[in-house]
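The values are calculated or read from the model by the stated rules, or taken from the named source; none is laboratory data. Remember, it's a predicted structure, so these values are computed and weren't measured experimentally. Every residue, glycine as well, gets a Cβ built from its backbone with ideal geometry; the counts of neighbours run over all protein chains shown.
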There are 4 protein chains.
Amino acid sequence: MEPSKKTPPGKFVEVPITVRFGDTDPYGVVYFVSYFRYCHHGIEEFFRHLGLPPQGLFRNQEEGFGLPIAGASCDFYKPIWYGESLKLAVSILQAKDKALTFGFHFFHAERGDLVAHGQATIVAIGADWRSRTLPDRLRYALEPYLPLT
Amino acid sequence: MEPSKKTPPGKFVEVPITVRFGDTDPYGVVYFVSYFRYCHHGIEEFFRHLGLPPQGLFRNQEEGFGLPIAGASCDFYKPIWYGESLKLAVSILQAKDKALTFGFHFFHAERGDLVAHGQATIVAIGADWRSRTLPDRLRYALEPYLPLT
Amino acid sequence: MEPSKKTPPGKFVEVPITVRFGDTDPYGVVYFVSYFRYCHHGIEEFFRHLGLPPQGLFRNQEEGFGLPIAGASCDFYKPIWYGESLKLAVSILQAKDKALTFGFHFFHAERGDLVAHGQATIVAIGADWRSRTLPDRLRYALEPYLPLT
Amino acid sequence: MEPSKKTPPGKFVEVPITVRFGDTDPYGVVYFVSYFRYCHHGIEEFFRHLGLPPQGLFRNQEEGFGLPIAGASCDFYKPIWYGESLKLAVSILQAKDKALTFGFHFFHAERGDLVAHGQATIVAIGADWRSRTLPDRLRYALEPYLPLT
C-alpha cells in the first residue's frame, strides 16, 4: 500500500458509519456491497458539509445537469463485524473540468486502523446526458478540499 | 393459523426465490426486510405473468395513474438460511374498485412447508396523488385471479 | 385512523432518519421496503438508548437466546421524496413474557405530520429455536417504556 | 476502452439480470451500488454452474476455508432504467494460487451493447483469516474457464 492510500490527502469530511443489521453477509462480516453504499452516504454528507444539499446536485433539472457515478472501486483489508463502527474520511482525490474523484478511507472507529479504501468518480452531464463542465457552484465550494498538486 | 393462511386462495403465480448473499442477517438467516423485497418481486412477476410489464403499471404518466403500496405485513414462521430456496405463491386476496390486496405464501422450495405469509395493498392514484379506480386494463387482466366470494 | 395510531403511546425513543440515495423507488419516492429497514434501525437505536448494545441482543450465544422478528407491518400515508428527512418514534406497544411488540411512528422531520405507521414483534427463543421468556436484563431495561394498561 | 474490456476473455457464464424496483436511484436509473450486488449474484451463479453450491464455498467450516472479497471495481458506461434487463457475462480474468479475479460484462439484454464492466477478486483464507491456496476442488472446477495466457 502506498502512503497516499493510508491517509486521506489533505482536508476531508469525516462521516460516522454504524454497521446495520442488514449490512452483513451471512457470516456476520460487512458485505462488500455495503461499503459502496457507505461511499455514497459519504458523498452525500460531503456535499451537505459544503452547504450543498445532495438532492439538488445529483440531478438538477432547473440548472440542467446531473452528476452520475462513472466508476467506483474499493479494496477491503480487514473484516468488520456487526456491532462495530467505522469512521469514513471523504476527500477529493482529483478534480477535473468535467469529473470529480472522491477518496474513501474507512477506519475502525475504536482501533483507528484502515480497514478499507475506495474511490468513486462522478462526471457532469447535461440534460442530453452528454458530458459538460462541473457546475460552478460545486467547483467553488470544493476549493478548500482540492488536493495540493 | 386459519386455513386461508396456509394455502393461496384460488389461482396464483409461483415465483422462485433464490436467497442471495446480501439477503441475510449477521447470523445467516434471511433478514425480515428481504421478505418484503421478495413480495415486491412477486408483484412484478405477477404483473408480467398477466402480460402487463410492471414498469408501465407502478407509474404511468401517459395514462395518468400510479399504484403505490399503501400497506404491507408479513409473519415469519421459520428461519431460512443462505443456500436455501423458496417458492413464492402470489395471489389476489381482495380486489376493490380502488385497491388491490396481494397475498404472499412463502414455501420452502424442497420441504414444501409454509415459512412466511404476507400481504400488501396497492391503491390507485391519479396524477394528483388522489385515489381513483384501478385502471381498466389491470382489472380485466386480474379477473382469472380474483378470489371466489 | 384510531387516535392510538397518531401518536406513540407513552414514552418513546426518537431516531432521525435521513433518506438515502438507494432508499427510493424509480420515481424518487421512498420504497416501502426501506421503511422496514428504518424500523429495524429504530429497534437497534432503541436498544442502544436503553444501554443494551444490539449486537448482544438479537443473538447471544453465551446467554443462550435470540430475538428474531416474528412479524411486521406498516401502513404508508404520504409519499416521502429523496432529500426529505423523517423522525421515527420507537415505542413499546405490548410486552408479553415471550414477545415484545414495537410501534413505529414516522413523522416528516419539518412538517411534523405522520407519514407512516408500523409495528414489529420480536420473540425470544433459546438455542434450540424454541420460544422462551425474554431475557431478564431486557425486561428490566424496558420498564420505563412499557405502555400503561 | 481496450479490446479486452469489450468482451469477456474466453469462456463465460451468462446470468440474466432483471432490474428490480428497489435497484434504482431516485431518478429511475440503476444505482451504481446495485451493479456490485449483481456482480455477487454473478459469482454465485458462476459457482452453481460449475456444480459448486456457493453456500459451501464463501465459507466452509469443515474444509477450513473462506473466500472473502478483497477488492472490486466497476465502470458504468450507460444508464439503465427500471424496466430494462441485462445480460451479465461472468468470466475468470486471473487465477493465482491464492486469489481469483472475476470479470463482469454487463450487456443490455435487447440492444446487446456493453453498459458496465467490472471485476472482483476473492482471496482464499484459512480458519485463522490468513491467506492460503484456493481449495483444490475449486481449482479443478475452474479449469475450463481459465484465460489463455
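For beta carbons closer than 9 Å, sequence separation of 6+ or different chains, a first residue in the stretch B:9-32 that is more than 19 Å from C:Pro68 (Cβ to Cβ) and within 14 Å of chain A (Cβ to nearest Cβ) and a second that is part of a helix (DSSP H, G or I) and hydrophobic (A, V, I, L, M, F, W, C), the qualifying pairs are B:Phe21/A:Val33; B:Phe21/D:Ile43.
Residues in the stretch A:92-106 that are in contact (Cβ under 8 Å) with a residue 60 or more places away in the chain and not aliphatic (A, V, I, L, M): A:Phe102, A:Gly103, A:Phe104, A:His105, A:Phe106. Residues in the stretch D:77-129 that are loosely packed, with under 15 Cβ neighbours inside 10 Å, under 21 Å from B:Pro54 (Cβ atoms) and aliphatic (A, V, I, L, M): none.
The requirement of being surrounded by 19 or more Cβ atoms within 10 Å (Cβ to Cβ), at the interface with chain C (Cβ under 9 Å from one of its Cβ atoms) and part of a loop (DSSP other than H, G, I, E, B) is fulfilled somewhere in the stretch A:44-66, by at least one residue. Residue pairs whose Cβ atoms lie under 7 Å apart, separated by 6 or more positions or on different chains, with the first residue in the stretch B:115-142 and in contact (Cβ under 8 Å) with a residue 24 or more places away in the chain and closer than 13 Å to B:Gly64 by Cβ and the second among the aromatic types (Phe, Trp, Tyr) and surrounded by 19 or more Cβ atoms within 10 Å (Cβ to Cβ), are B:Ala124/B:Phe65; B:Ile125/B:Phe65; B:Gly126/B:Phe65; B:Arg132/B:Phe65; B:Pro135/B:Phe65. Can you find a residue that is of a type outside the set (Val, Ile, Thr), under 26 Å from D:Pro26 (Cα atoms) and over 17 Å from the mean Cα position of the chain (by Cα) anywhere in the stretch C:56-76? No, there is no match, as no residue in the stretch C:56-76 is of a type outside the set (Val, Ile, Thr), under 26 Å from D:Pro26 (Cα atoms) and over 17 Å from the mean Cα position of the chain (by Cα). The residue of the stretch A:130-149 that is nearest to A:Ala95 (Cα to Cα), among those that are exposed (fewer than 14 other Cβ atoms within 10 Å of the Cβ) and within 18 Å of the chain's Cα centre (by Cα), is A:Glu143.
Just to be sure before I move on: is D:Ala70 more than 12 Å from every other protein chain (Cβ to nearest Cβ) and farther than 29 Å from A:Pro54 by Cβ in the structure I sent? No, not satisfied.
Conditions tested, residue by residue: (1) of a type outside the set (Asp, Glu); (2) farther than 28 Å from B:Leu114 by Cα; (3) modelled with pLDDT of 95 or more; (4) not in a strand (DSSP E or B).
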| position | (1), (2), (3), (4) |
| --- | --- |
| C:Met1 | yes, yes, no, yes |
| C:Glu14 | no, yes, yes, no |
| C:Ile17 | yes, yes, yes, no |
| C:Val33 | yes, no, yes, yes |
| C:Ala72 | yes, no, yes, no |
| C:Phe107 | yes, yes, yes, no |
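Flag: A:Ala89 does not match the condition of being within 11 Å of another protein chain (Cβ to nearest Cβ), touching a residue at least 24 places away in the same chain (Cβ under 8 Å) and of a type outside the set (Lys, Arg).
Being in contact with a Cys (Cβ under 8 Å, 6 or more places away or on another chain), within 14 Å of chain B (Cβ to nearest Cβ) and either more than 16 Å from A:Ala72 (Cβ to Cβ) or without any contact (Cβ under 8 Å) to a residue 60 or more places away in the chain (or both) is a description that does not apply to D:Ala109.
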